[in-house]
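Scroll down for the structure; my scribbles are underneath it.
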Amino acid sequence: MLSIKNLHASIEGTPILRGINLEVKAGEVHAIMGPNGSGKSTLASVLAGREEYEVTDGKVLFQGKELLSLSPEDRARKGLFLAFQYPIEIPGVSTTNFLRTALNQVREHRGQEPLDAVKFLSLMKEKMALVEIDQKLLSRSLNEGFSGGEKKRNEIFQMAMLEPVLSILDETDSGLDIDALRIVSNGVNKLKSDKTATIVVTHYQRLLDYIIPDFVHVLYRGRIVKSGTKELALELEEKGYDWIKEEVDSTATI
Amino acid sequence: MSKDNQILENLTSKEYEHGWSVNYEADEAPLGLNEDIIRWISAKKEEPSWLLEWRLKAFKTWQAMKEPEWSNVNYRKMDLQALRYYSAPKQSKNPKNLKEVDPELIAIYERLGISLNEQKRLQGIAIDVVLDSVSVATTFKETLGKLGIIFCSFSEAVKEHPDLIKKYLGSVIPMTDNYYASLNAAVFSDGSFCYIPKGVRCPMELSTYFRINAANTGQFERTLIVADDSSYVSYLEGCTAPQRDENQLHAAVVEIYAGAHSEVKYSTVQNWFPGDKNGKGGIYNFVTKRGICAGDHSKISWTQVETGSAITWKYPSCILKGDYSIGEFYSVAVTNNYQQADTGTKMIHIGKNTKSRIVSKGISAGKSQNSYRGQVQVMKRAHNARNFSQCDSLLMGNQCGAHTFPYIDIANPSAKVEHEATTSKIGEDQIFYCNQRGIATEDAVALIVNGYAKEVLNQLPMEFAVEAQKLLALTLEGSVG
Ligand SMILES: Nc1ncnc2c1ncn2[C@@H]1O[C@H](COP(=O)(O)OP(=O)(O)OP(=O)(O)O)[C@@H](O)[C@H]1O
Ligand SMILES: [Mg+2]
């Protein structure tokens, strides 16, 4: 589904990603961990098509096709979804209105008719139940004045509505209380199928108790320096990153 | 060039969609401005002598006046002697009803998306259409007449309801008020008149649609709305003009009189030709609008969505004379390319316990300049006056300007006046967020701008709000840099 080869990207001339390789197959869950500032959000942004980042080398295939030349909206329409680490506020635009615009543009791209108000609302109802989100929140201005947890839950609600093929969740767990973490994780699990894949970026093992990863990768200084199975996350939880950093830094050629 | 900028380039070069004009046989005054022209217009309209005298007096006053220069706009002054002050399509004189209106004229409005066919209209909106200098048709006259509501062209009102006109003409905006208002008083050719009798709630929206078609012709219309005690009316105004290389002058006057316990809502969606993307041509929109809340507990609410005109100079105002009267001003002013807007309001608190509310949303793109200018004046006897003003500016790109000039003048210490102002930019991150959900950049801008202007758009009647939303999107599509 997603194949990243030797991806290099920089911002304002500073290299941040320095040779990422990653293969994600349909049906898989990959967790990406790593110290602050290692480039996790940058990787997510580059995949989603944020223009500030310049891809200086490498190749990315999504569903067998070249990804990097597509506009951000086309990537989204083809089924790539990013749950933002810091969701953006749009004053005066309700989540409902926002999603209706988004969903209809995605549908248009797929050659489907726009959903009428009735069908849209019934779809909303169904997905609202999935992440147990309050109707009132959805009629307020998007993310404006939302609590940290509400923002994250709203991101997953949007994901549920748009039914992406590949979802990248950037620290969706941070800000969620214990119950919300369970509810939102269950929602994510219900949305999974053997045709979709999920990349979760997280700092905590806790999330991975709910969303069980097939693979865990450690990103450090713009590279994936260690990959393993879910046991790796447990090991990191226990030992931190220092041992990995030491390993890498002692062999580094910078 | 970034992708956003490219979209901007493509989209801001989009043509103004109402820029066409038609050729019809016209009945025109000779070029120029002098007493004889005023007599000519007055004679053409078979006016009573008192009205001619009134015009001539206004003209004398005007001759002694100077064109104001205090506003934050730059333009080459117009040669007022090179203009024509009257141009009317030749048609059967004074059509009694729609059947007598020249089908060619009806076709012009059909093309603008305005159906004059009463059966065709879904929602009840009665409309008076003004083409260049004259009103060509008014719909739903009979329906309204049964309630005692008068809705007709100004010329007709002068003939049929001279007492009302005599009583209210110039009562809110004196002929000596300002340069453009005095000019209008001297040469105005037509407009709409509306009277809502005591205790009547007007059952449909009343509307005037202004269209300038002829070249080198100024449009000087007057609208007079009188809401008697305990009545209600909602009034809409729309306007477009053909695309021409030279600037054209539109100097209108709108007067509103609100009796005790009455309410008048006046909404405008202004879409005059704004000039091309290099700043050539476009309408000079120099308009004086003022309402008086004459009776206690009366209310006047102005809502405007200003997207057109090369230059806008316009301050719809409220004189809050009656105790407990309320004035409101809701405005979205959009400028793009080389447009300049200097717009705002005046709230003059005279009565006790009067309240006013100002919500102004400026949006500037391209190389345009957008100024809010507002005055809140609390007179000595206006105990407990309240004002709240919110003035927001949204900038798109970094070549445009937004300015705020609030004037506050308080002569009664019990007044509470609050002023809030913000300036923001459409963020790249907002657009990226929308993009990431599958929304194209131009639609993202439309979504964000409409969200920003929502509080004002919500004030518009339903049908108009949808139009206004589309218009905002069209004016600004892609203007993100
Ligand atoms: N405009 C910029 N100029 C220079 N460096 C930048 C710029 N923007 C981001 N960076 C740097 O890129 C690095 C990677 O940031 P990124 O947000 O991808 O980290 P992260 O792994 O997601 O961290 P966290 O766990 O804290 O979310 C950081 O060191 C950050 O400071
Ligand atoms: Mg991050």
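If you go through segment A:73-104, how many residues are within 7 Å of chain B (Cβ to nearest Cβ), open to solvent by less than 30 Å² (accessible area, probe 1.4 Å) and charged (D, E, K, R)? Residues that pass the stated criteria total 1.
Take the conditions (1) within 14 Å of another protein chain (Cβ to nearest Cβ); (2) closer than 30 Å to A:Asn21 by Cβ; (3) surrounded by 22 or more Cβ atoms within 10 Å (Cβ to Cβ); A:Leu70 misses just one of them, which is (3).
Which residues, counting only those in segment A:134-150, are in contact with an Asp or Glu (Cβ under 9 Å, 6 or more places away or on another chain) and either charged (D, E, K, R) or under 27 Å from B:Val449 (Cβ atoms) (or both)?
The first filter runs over segment A:134-150 and keeps only residues in contact with an Asp or Glu (Cβ under 9 Å, 6 or more places away or on another chain), leaving A:134, A:137, A:141-146, A:149-150.
Across segment A:134-150, the qualifying residues are A:Asp134, A:Leu137, A:Ser141, A:Leu142, A:Asn143, A:Glu144, A:Gly145, A:Phe146, A:Glu150.
Could you list, in sequence order, the residues of segment A:8-64 that are of a type in the set (Lys, Arg) and within 12 Å of ligand 1 (Cβ to nearest atom)? Across segment A:8-64, the qualifying residues are A:Arg18, A:Lys40, A:Arg50. All of A:Ile211, A:Ile133 fail the test of being outside the structural domain of A:Ser10 (by TED's automatic domain parsing) and among the aliphatic types (A, V, I, L, M), apart from A:Ile133.
Just a yes or no: is a residue in segment A:142-151 more than 13 Å from chain B (Cβ to nearest Cβ) and within 16 Å of ligand 1 (Cβ to nearest atom)?
Applying the first criterion (more than 13 Å from chain B (Cβ to nearest Cβ)) to segment A:142-151 yields A:145-150.
Now drop any that are not within 16 Å of ligand 1 (Cβ to nearest atom), which leaves A:148.
Yes, the conditions are met somewhere in segment A:142-151.
Selection of first residues in segment A:4-16 that are of a type in the set (Ser, Thr, Tyr) and of second residues that are more than 16 Å from ligand 2 (Cβ to nearest atom), restricted to Cβ pairs under 6 Å at least 6 apart or on distinct chains, gives the following pairs, ordered by first then second residue: A:Ser10/A:Glu54; A:Ser10/A:Thr56. Summed over segment B:396-419, the residues that are in a loop (DSSP other than H, G, I, E, B) and open to solvent by less than 60 Å² (accessible area, probe 1.4 Å) give a count of 7. Taking each residue of segment A:26-48 that is farther than 14 Å from A:Val200 by Cα and free of Cβ contacts under 8 Å to residues at least 40 places away in the same chain and looking for partners that are away from ligand 2 (no atom under 13 Å from the Cβ) and open to solvent by 20 Å² or more (accessible area, probe 1.4 Å) with beta-carbon atoms closer than 6 Å, six or more apart or interchain, yields A:Val46/A:Tyr53.
Checking each residue in segment A:190-226 for being in contact with a strand residue (DSSP E or B) (Cβ under 9 Å, 6 or more places away or on another chain), polar (S, T, N, Q) and more than 16 Å from ligand 1 (Cβ to nearest atom) picks out A:Thr196, A:Thr198.
On the given criteria, is A:Lys136 open to solvent by 80 Å² or more (accessible area, probe 1.4 Å) and over 21 Å from B:Gly438 (Cβ atoms)? It is true that A:Lys136 is open to solvent by 80 Å² or more (accessible area, probe 1.4 Å) and over 21 Å from B:Gly438 (Cβ atoms). The one condition from (1) more than 16 Å from the chain's Cα centre (by Cα); (2) within 17 Å of B:Arg437 (Cα to Cα); (3) of a type in the set (S, T, N, Q); (4) open to solvent by less than 30 Å² (accessible area, probe 1.4 Å) that A:Gln112 does not meet is (4).
Quick one: count up the residues across segment A:30-51 that are more than 14 Å from chain B (Cβ to nearest Cβ), over 11 Å from A:Val218 (Cα atoms) and modelled with pLDDT under 95. Final tally of qualifying residues: 2. Candidates in segment A:208-236 are the residues that are away from ligand 2 (no atom under 16 Å from the Cβ) and hydroxyl-bearing (Ser, Thr, Tyr); of these, the one that is nearest to the other protein chains (Cβ to nearest Cβ) is A:Tyr210. Note on segment A:49-67: residues that are without any contact (Cβ under 8 Å) to a residue 40 or more places away in the chain and open to solvent by 30 Å² or more (accessible area, probe 1.4 Å) amount to 5. Within segment A:152-175, being within 16 Å of ligand 1 (Cβ to nearest atom) and open to solvent by less than 30 Å² (accessible area, probe 1.4 Å) holds for A:Lys152, A:Glu155, A:Ile168, A:Leu169, A:Asp170, A:Glu171, A:Thr172, A:Asp173.
The values are calculated or read from the model by the stated rules, or taken from the named source; none is laboratory data. Not measured: the values here are computed from a predicted model. Neighbour counts are summed over all protein chains in view; Cβ atoms, including those assigned to glycine, are modelled from backbone coordinates with ideal geometry. The protein model used for the area step is the full one, side chains on, heavy atoms only, and it has no ligands, DNA or RNA in it. Shrake-Rupley method; radii C 1.70, N 1.55, O 1.52, S 1.80 Å.
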